[in-house]
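Just passing along the structure, written as structure tokens.
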Amino acid sequence: MSHFDSLPWPYPIKYGEQTNYDADVLVLGGGIAGVWAAITAARTGARVAIMEKGDTRRSGAGGTGCDHWQWAADNPGSGVTPNELSNALVANHGGWRNGMSTYIQCASGYETLLELEAMGAKVRDVDDEFAGAPFRDEKTKLLYAYDYDNRFVIRVWGANFKPLLRMECLRRGVQIVDRVNATTLLTENGRHGARIAGAAGVNTRTGAYVVVRAKAVVLATNRPQRVFTFSSEHRGVTAFRGASNVGNGHAMAWRIGAEFTMMEKTIRSPFASPYSYPPYGSGNAINTWYPCTIVDANGKEAPWVDVNGKVLTTVEERCHPAEGQKFFIMGGGNASQPHPGLKQYGGPRLIPDLEDRMMRGEFTPPFYADMTSMPDYERRAIWGLMVGQEGRTRIPVLQTYSEGGFDPARDMLQTYDFIRGHGMREPVAPQERTFGEIGVSGGMMVDWDMMSNIPGLFGAGDLLFGAQDHSHAATTGRYVGARAALHAQGKDFAGISEEQIVRDKERVYAPLTAKPDSLDWKELNAGVARVMQNYCGEVKNAELLSLGEMWLADIAANEVPRLAADNPHKLMRALDVADILTCAQMIVAASQRRKASSSTLHFSRLDYPDLDPPDWQKFLVIRKGETDIETSYRPHGFWGDLEANYAPRAAENRSALRHKVSSAA
Amino acid sequence: MNHSPVLATPNFPTPGRPVIFDPDVCNGCNLCIVVCPEDVFIPHPTKGGLPIILFPEECYYCGACVDDCNRKGAIRLNHPLQQRVRWKNKKTNEHSRLR
């Protein structure tokens, strides 16, 4: 079909028609964190609903797979304790990491994985494909990645985790409401900052309005994206997360007065670029591809070095800590951007001056990832297992390249390092920044229950400040599902304000009204991004930031009312961009209030050039008050003793569970 | 000169064809439409027809449609030309690219 304009919309149109649900626990966002939260909440006997913008079978950043289960320090082979590992991870980020949720991840990763196994997932090498490999425990058949001595990252067959988790939700009686874009958090009687009362959303196919009353709400939505760069074309294949992941939860929670922190952290990143390559889809030696051999155009191997600078001569040596180092957190094959503080826990990597050596003629570009020369088990672990199970590569890289004729035992995949940049870590222009596309970024401030300052509003996964990745989403979702269900016990529903609903309907359906000067969502997105590039980019000072604040407010006042959508799908995208604008305003507000430069936060102020002054080594917390934005601070490590705070809550969670997860049979 | 009827069509977004359906294998069951996280497809107006890619530029090549399809080969990803990678045969030095 090419005559799109001649097709009628295929779904019934129900703009404004309202459906109501009730739940003890409502989960917003049915990605990895959301389905785990729903399962655990339902296991306590709570009535649970999920509102998901896409379809829970595959939605979310982890929906299409997972190759390595990070930081499972509770697994039987681990050489480090959860306390050691989480403290190292926090230190590795200069203190700006969520110690609470990181500890949950380190202390319950394996326990969570065992529940997945009971649901039918493959988490160990039961078929003995890797018998005898140095990263395999012959007794448990667990396969480890990266640090083969300390064994706290587990290689898994995660491509079907998401469908299995959805099935478990259905078995546990979770009400799944797919294709509904949550747009609004409802508070008691519509009062700003009051106790949570539920949420509302709009169906992305029919336009119907959905209201869910709830005693507790778990926000499990993704982070803001497309804040600094937006290209309507040629972006998809290079993106790390889907177009629907825009930070709706950040914007919704901000509007009702929830606290956020680390919002000023943005980084240069190729994940925003329409000109990079599919993630893990060009020759590299990072994460999924660790510890791949890299050679130059003449087949000469690029040296690997350990954290002490010692040159490593075998593939095997890339997977052990250096002399004097107890364990390493993560190695990497690329030379760019060594992280402050990484030295202590840094893993083996390609020699840092590889580019200089190439420029001097020691190596000839282009470079290639050469798996042909690696031990068979390492080659199969990278190309078959890791690239085959990681959601971002299973189909777009492993299957597509294999069908295209690529054979890792015969062919070498080109890297674009040093000739035009890299698909994963290329140097990009200063304005090509990202907020939430990759890495540890800002999010909702929470306490040890993962509850925000809004009573009954909880967070999980990437919605939380200062944390990331699949096992973090799973373990925090699993933990918070129980915390939210316990919170809901014995409570009544908070009153919902009809006035709040009427106001919200006016807002969310406004783009449907035709305007002579209408603006579509793509133009608005690019316009917001341009303001952020110019006034909140690499170069920042009070003047630039206040101009940014002014121009964003100007767009909110003048362009947002011109937004137009002529079907429910475009309405979703229009509302998304309005949320991106809100997230941009949060980032500018935080940037204006951090009056110091910070290396870990990749934050530089021309008017406050001192890097990392001691009195600014603290979390900056912002919140939308009833009239103005309110600022407060939390010291690094404000969460106190990790184990002492976690253990009683984890025990309480366990005793609240009335049902086991279903066995695969 | 023979030609198709000439219509006033706008430019399409690029990439305009993130996936390719094989009409001999696809039976129009629309499971890909169910699983797509971004909802880039709509059903064909005729039952059993190939799904229509209505929002091609919103596809992020996650491959859920390919992975969950019950008919092998019915749908495949079609990477944009500028992002098709190259490789080299180590023994023969023959260069190839994704096609």
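Classify the protein assembly as shown as rounded, prolate or oblate from the Cα gyration tensor: take a ≥ b ≥ c as the square roots of its eigenvalues, call it rounded if a/c is under 1.5, otherwise prolate when a/b beats b/c and oblate if not.
Rounded shape, in that the Cα axes give a/c under 1.5.
To make sure I understand the rule: partners must be lysines, Cα under 19 Å from the Cα of B:Lys90, and not fewer than 8 residues away in the same chain. Which ones qualify?
Filter leaves A:Lys300.
Say R0 is 25 Å: what FRET efficiency, to the nearest 0.05, do A:Glu362 and A:Ile419 get from their beta-carbon distance? Present the calculation step by step, with values, prior to reporting the outcome.
Values: r = 16 Å, r/R0 = 0.63.
Efficiency for this residue pair is about 0.95.
Right, another one. Checking the a/c ratio against 1.5 first, then a/b against b/c, what shape does the Cα gyration tensor give for segment A:460-531? Intermediate values should be presented prior to the final figure.
On the way: a/c = 4.37, a/b = 1.44, b/c = 3.05.
Oblate, because a/c is 1.5 or more while a/b does not exceed b/c.
Return the subset of A:Lys570/B:Lys47; A:Lys215/A:Lys491; A:Lys515/A:Lys570 for which the Cα-Cα distance in this structure is over 18 Å, preserving the input order. Each step should come with its number before you reach the end.
Details: A:Lys570/B:Lys47 25 Å; A:Lys215/A:Lys491 7 Å; A:Lys515/A:Lys570 15 Å.
Correct reply: A:Lys570/B:Lys47.
State the extension gain, in nm to one decimal, for the chain segment bounded by A:Met550 and A:Phe638, taking 0.36 nm per residue of separation less the distance between their alpha-carbons.
Values: separation 88, 0.36 × 88 = 31.68 nm, distance 3.37 nm.
Value of the extension gain: 28.3 nm.
Could I ask something else about it? Most exposed first by the Cβ proxy, i.e. fewest other Cβ within 10 Å, how do A:Ser6, A:Ser441 rank? Each step should come with its number before you reach the end.
Values: A:Ser6 8, A:Ser441 24.
Taking fewest neighbouring Cβ atoms as first place, the list is A:Ser6, A:Ser441.
Amide H of A:Phe619 versus every other amide H placed in the peptide plane: which residues, excluding those fewer than 5 positions away on the same chain, fall under 5 Å?
Those qualifying (amide H under 5 Å, at least 5 residues apart or on another chain) are A:Arg634, A:His636.
Fully extended, how many nm does the chain gain between A:Thr513 and A:Asn308 (0.36 nm per residue separation, minus their Cα-Cα distance)? Intermediate values should be presented prior to the final figure.
Numbers: separation 205, 0.36 × 205 = 73.80 nm, distance 6.36 nm.
So the chain would gain 67.4 nm between A:Thr513 and A:Asn308.
Which value in deg cm²/dmol, rounded to the nearest 500, describes the helix-derived mean residue ellipticity at 222 nm for chain B, given -39,500 (n - 2.57) per DSSP H run of n ≥ 4 and division by the residue count?
Working: 2 runs with 10 residues, N = 99.
Computed ellipticity for chain B at 222 nm equals -2000 deg cm²/dmol.
How much length, in nm to one decimal, is gained on full extension between A:Lys122 and A:Asn534, taken as 0.36 nm per residue of separation minus their Cα-Cα distance? Each step should come with its number before you reach the end.
Working: separation 412, 0.36 × 412 = 148.32 nm, distance 4.78 nm.
This chain segment gains 143.5 nm when fully extended.
Evaluate E = 1/(1 + (r/R0)^6) for A:Ala647 and B:Lys47, where r is the Cβ-Cβ distance and R0 equals 60 Å; express this FRET efficiency to the nearest 0.05. List each step's numbers first, then the result.
Working: r = 57 Å, r/R0 = 0.96.
Once rounded, the FRET efficiency stands at 0.55.
Dipole magnitude of chain A about its Cα centre, charges +1 at Lys/Arg Cβ and -1 at Asp/Glu Cβ only, in debye to the nearest 20?
On the way: 72 positive and 77 negative charges, 281 e Å.
So the magnitude is around 1360 debye.
Quickly estimate the mean residue ellipticity at 222 nm for chain A, helices only: each DSSP H run with n ≥ 4 gives -39500 (n - 2.57), and the total goes over all residues, rounded to 500. Before the final figure, lay out the partial values.
Values: 15 runs with 184 residues, N = 665.
Estimated from H runs of four or more residues: -8500 deg cm²/dmol.
Can you give the % of DSSP beta bridges in the protein assembly as shown that are antiparallel, to the nearest 5?
Working: 54 of 80 bridges.
Taking every DSSP beta bridge with both residues in the protein assembly as shown, the antiparallel ones total about 70 percent.
In whole Å, what is the distance between the alpha-carbon centres of segment A:224-282 and segment A:77-127?
Centre-to-centre distance over Cα atoms comes out at 25 Å.
Okay, next question. In segment B:19-97, with Lys and Arg counted as +1 and Asp and Glu as -1 at Cβ, which of these residues, B:Trp87, B:Cys59, B:Gly28, has the Cα nearest the positive end of the dipole, that is, farthest along it?
It is B:Trp87, whose Cα lies furthest towards the positive end.
How high is the relative contact order of chain A, in percent, counting Cα pairs under 8 Å that sit 6 or more residues apart?
Numbers: 1580 pairs, mean separation 143.6, N = 665.
About 22 percent, as a whole number.
How shielded is A:393-405 by partner chains, expressed as the average number of their Cβ atoms within 10 Å of its Cβ atoms? Walk me through the numbers before you get to the answer.
Numbers: counts 1, 5, 10, 8, 6, 1, 5, 10, 5, 0, 5, 8, 6.
That average works out to 5.
In whole Å, what is the distance between the alpha-carbon centres of segment A:534-598 and segment B:49-78?
A separation of 33 Å, based on Cα centres.
Sticking with this one: Kindly put A:Arg594, A:Arg166 in sequence by how many other C-beta atoms sit within 10 Å of each C-beta, fewest to most.
Values: A:Arg594 22, A:Arg166 25.
Result, fewest neighbours first: A:Arg594, A:Arg166.
What order do you get for A:Arg318, A:Arg654 when you list them from fewest to most C-beta neighbours inside 10 Å?
Numbers: A:Arg318 24, A:Arg654 10.
Sorted ascending by nearby Cβ count, the order is A:Arg654, A:Arg318.
Every number in this text was worked out from the coordinates using simple rules, so none of it is lab data. These numbers were taken from a predicted model, which means no experiment stands behind them. Cβ: placed from backbone, ideal geometry, glycine included. Neighbour counts: every protein chain shown.
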